[in-house]
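The values are calculated or read from the model by the stated rules, or taken from the named source; none is laboratory data. This one's a predicted model, so the numbers in the text were calculated from it and none came from an experiment. Every residue, glycine as well, gets a Cβ built from its backbone with ideal geometry; the counts of neighbours run over all protein chains shown.
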Amino acid sequence: LRSERRPNAVTPAMQVGLAREPWSWTRLLARRLFPWRVTVPAQWMTVYRRALVTPEIGPNTRHDRAHAF
């Protein structure tokens, strides 16, 4: 059981055998997996492009990032 109140040096990835030690932020952010670098299902691309429509919410409002850096 994971808890923020009881820190544990063993990460979830270490628990299931995916890593032998905790990853540093440098290692974690070293290589971004863009969809053109790896094969992803078509449905994932809908989410990646933020084109997923949630029926309960209605039409999505697209943000054009006019003032983004």
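Residues in the range 1-19 that are in contact with a helix residue (DSSP H, G or I) (Cβ under 7 Å, 6 or more places away or on another chain) and at pLDDT 80 or above: 1 in all.
Just to be sure, is THR26 hydroxyl-bearing (Ser, Thr, Tyr) and under 28 Å from VAL10 (Cα atoms)? It is true that THR26 is hydroxyl-bearing (Ser, Thr, Tyr) and under 28 Å from VAL10 (Cα atoms).
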